[in-house]
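Data block below; observations after.
The values are calculated or read from the model by the stated rules, or taken from the named source; none is laboratory data. Since this is a predicted model, take the numbers as computed values, not measurements. Positions of Cβ are generated from backbone atoms using ideal geometry, with glycine treated the same way; all protein chains shown enter the neighbour counts. Just so you know, the surface numbers come from the protein's heavy atoms only, side chains and all, with ligands and any DNA or RNA stripped out. Shrake-Rupley method; radii C 1.70, N 1.55, O 1.52, S 1.80 Å.
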Amino acid sequence: MNTMLSDREPSTSTEVTAPRRRRRTDLGVRVLITSVALLVTIGAVVPLVAVLATAFAPDALPRYAEFFTSWVDLAVLRNTLVLGALVGLCGTALGFLFAFVQARLDVPGKKILHVIALIPIVSPPFAIATATVVLYGRRGVISNGVFGVEYDIYGLDGLVFVLSLSLFPVAYLGLLGMLRGLDPALEEAAMNLGASPWRILRTLILPLVAPGLVAPFLLLFVEAIADLANPLVLGGDYTVLASRAYLAVTGEYDITGAAVYCVILLVPSLAMYFGQRRWMNRKVRTTITGRPSGSVHLITGWARWPIYGLALLAAAVILSLYGTVIVGSVTRVFGVDNTFTLDYLKEVVAGVGVEAVLDTLRFAAIATPVAGLVGLVIAWLVVRHLERTAWLLDLGGTLGVAVPGTVLGIGFVLAYRPDRWIGPVHAVPSLVGGSAIAGGAVAIVLAYIVRSIPAGQRTAVGALTQLHPYIEQASTDLGAKPLQTFRRVTLPLIRPALLTGLSYSFARSMTSVSTIVLLVTPETKIITSQVLSAAGTGRYGVAFAYCTVLTALVLTGFGLIRVLVGTGAALQRTTTSERQKS
């Protein structure tokens with residue numbers, strides 16, 4: 001028998017709650033709490049406070065009145081919200097399409113579709129934008145070369161197209177897990193009552209996964225309005241708050257104005273982010289009692305082909321864009337002069353670009369293990385050791401993703417560019433700018449760490465809540481210190497979470513641009529800023545070469561991390577079902 005859901009029940013719930021009892025905190029745990037709190041404060045809280053202090057200074061307050069009475073500024077705000085809403089809708093719809101094909105259609109090539117859907121995760125966020133200009137721009141290879149149309153891809157439509165393709169894997173992975181978790185007995189019952197596949201989709205599946213559609217929509221909304229690189233490459237006259245704040249700093253040298261734009265951008269970002277977290281944390285779930293009573297009946301009729309065709313079309317577009325990135329890196333001018341050349345790749349890996357490659361790799365190699373471990377430690381402290389202040393540390397750890405990258409980058413400039421003096425004592429030297437410590441490398445690594453912590457933290461929180469606390473309590477009862485228990489018991493059991501956190505941290509560090517573009521100096525060259533520079537000057541071959549090398553490095557890093565960390569112990573036993581036995 002199947003039972004649905006619920007918020008409050010749970011004598012039958014499988015959720016594990018850590019036993020809460022007052023005890024004296026171990027010295028090692030206190031040191032960890034202090035260390036991670038200090039890191040989060042320096043990396044996220046101080047820059048955010050610097051932005052808020054500038055934005056709410058007396059001379060900044062009239063700027064709000066100017067903003068909300070200016071049609072130009074209001075149009076920028078409207079553009080930002082419209083872009084976020086459309087990307088949320090389109091990206092979630094595309095993710096649902098791919099997930100539905102994987103989970104419910106009897107069609108060939110599903111594994112290949114799955115791989116294609118994950119490609120945007122390991123590529124630079126603006127690789128698609130650059131390829132889109134080449135393929136579908138005014139003189140695009142396809143738009144103009146094949147169809148003879150001079151389509152203007154710059155603006156809202158181009159941004160929605162690019163951001164939806166770049167961000168939809170987030171929705172796809174979440175919705176795929178949800179569709180596979182639905183009890184097929186409900187669909188079986190509907191089929192036995194004569195419902196068509198379309199009616200089952202409309203009246204049963206969509207209502208059941210509706211809660212799962214809201215979370216990715218909100219997350220994609222936040223990512224879209226916080227994105228900086230794509231509006232710079234493809235925005236044209238369509239200005240959004242992130243690019244407006246960036247231009248205020250780099251073009252107008254108006255720090256106060258940039259801080260005001262950041263605060264206005266911060267409001268919808270934080271509202272949507274915490275709305276998404278609240279939605280995800282609601283204890284609405286399906287609980288199945290008894291043995292599974294149904295099996296998935298894949299759709300085999302004619303109705304599957306139009307849906308499958310849409311997924312294939314989307315996959316073809318994705319392949320065409322990433323194929324353009326690769327081919328464009330080895331042709332002189334893709335679509336105009338297709339002569340094979342390795343000049344662009346040589347420039348990147350053995351010419352002037354090698355410095356950017358080495359700097360990016362060096363900074364990412366430093367930031368990745370720190371971010372992965374700190375995320376894991378924060379999750380362990382929040383789930384196992386902290387009570388009243390757990391939410392505060394949890395919130396601090398997630399600021400790196402809740403706060404838009406542009407806001408964080410401007411916060412770094414405001415907080416760490418000036419030298420800080422306490423009387424005659426040079427207390428804190430500058431961390432940002434060419435004259436800063438290590439040429440500004442410290443600030444870049446710190447930004448990498450803060451932006452990467454949330455991934456490992458959220459993954460580890462999920463893994464720890466699935467791990468029964470009595471396992472660790474048994475170790476403690478046998479005399480082990482909390483840190484010994486963490487190192488010898490907890491860490492091996494949640495190693496997959498560490499693997500995920502490290503992999504995501506490395507990819508995020510290698511492809512980050514919104515925060516870093518404001519922190520690079522002549523002494524610290526970063527690949528993503530080089531791509532922006534090359535794309536901005538029309539050197540698409542060089543931009544493609546950087547993107548190709550960057551993607552190859554990220555994939556190599558994934559493999560290396562997997563080898564070093566391992567996949568972890570199997571936490572579940574796989575049993576053979578009765579049907580399989582027979």
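The packing ranking, built from the mean of other Cβ atoms within 10 Å per residue, places the peptides 39-47, 443-451, 113-121 in the order 443-451, 39-47, 113-121, highest first. Legend: calculated FRET efficiency, Leu61 to Leu193, from the Cβ-Cβ distance at R0 = 60 Å, rounded to 0.05, equals 0.40.
Taking +1 at the Cβ of each Lys and Arg and -1 at the Cβ of each Asp and Glu, which of Leu342, Val407, Trp305 sits farthest along the dipole of the range 287-424 towards its positive end, judged by Cα position relative to the Cα centre? Comparing the listed Cα positions along the dipole, Trp305 ranks first.
Assuming R0 = 60 Å, what is the FRET efficiency of Ala53 and Leu312, from their Cβ-Cβ distance, to the nearest 0.05? Spell out each step's value before the answer.
Values: r = 52 Å, r/R0 = 0.87.
Once rounded, the FRET efficiency stands at 0.70.
This model, with +1 at the C-beta of Lys and Arg and -1 at the C-beta of Asp and Glu, gives the range 190-270 a dipole about its Cα centre of some 540 debye.
The dipole here belongs to the chain: it is taken about the Cα centre, uses +1 on the Cβ of Lys and Arg and -1 on the Cβ of Asp and Glu, and is about 2040 debye.
Name the shape class, rounded, prolate or oblate, that the alpha-carbon gyration tensor gives for the range 145-209, where a ≥ b ≥ c are the square roots of its eigenvalues, rounded holds for a/c under 1.5, and otherwise prolate holds if a/b is larger than b/c and oblate otherwise. Here the range 145-209 falls in the prolate category. Projecting the Cα atoms of Leu498, Leu77, Leu519 onto the charge dipole of the chain, computed from C-beta unit charges around the Cα centre, puts Leu498 farthest toward the positive end. Put a dot 7 Å past the Cα of Asp419, heading toward its Cβ, do the same for Thr476, and the two dots end up 4.9 nm apart. Label sites at Leu27 and Ala438, each approximated as a point 7 angstrom past Cα along Cα to Cβ, lie 3.0 nm apart.
Using label points projected 7 Å from each Cα along Cα→Cβ, tell me how many nm separate Ala210 and Asp337, to one decimal. Between Ala210 and Asp337, the label points sit 5.9 nm apart. Considering only Thr476, Ala367, Ala315, the residue lying farthest towards the positive end of the dipole of the chain is Thr476, judged by Cα position with unit charges set on Cβ.
Sorting check: for 350-361, 297-308, which peptide has the highest mean count of neighbouring beta carbons within 10 Å, and how do the rest follow?
350-361, 297-308
Given their separation in residues at 0.36 nm each and the Cα-Cα distance between them, Ala93 and Ser70 gain 4.8 nm when the chain is fully extended.
What order do you get for 150-159, 420-429, 401-410, 168-177 when each peptide is scored by the mean count of other beta carbon atoms within 10 Å, highest first?
401-410, 168-177, 150-159, 420-429
Calculate the FRET efficiency for Val115 and Leu81 from the Cβ-Cβ distance with a Förster distance of 41 Å, rounded to the nearest 0.05. Once rounded, the FRET efficiency stands at 0.75. Between Leu319 and Glu355, residue separation times 0.36 nm minus the direct Cα-Cα distance comes to 10.0 nm. If you take the square roots of the eigenvalues of the alpha-carbon gyration tensor of the chain and sort them as a ≥ b ≥ c, do you get rounded (a/c under 1.5), prolate (a/b over b/c) or oblate? Verdict is oblate for the chain. The residues of the chain expose on average 47 square angstrom of accessible surface per residue, using a 1.4 Å probe on protein heavy atoms.
Computing the accessible area with a 1.4 Å probe over protein heavy atoms, can you report the carbon and sulfur percentage for the chain? Carbon and sulfur together cover 64 percent of it.
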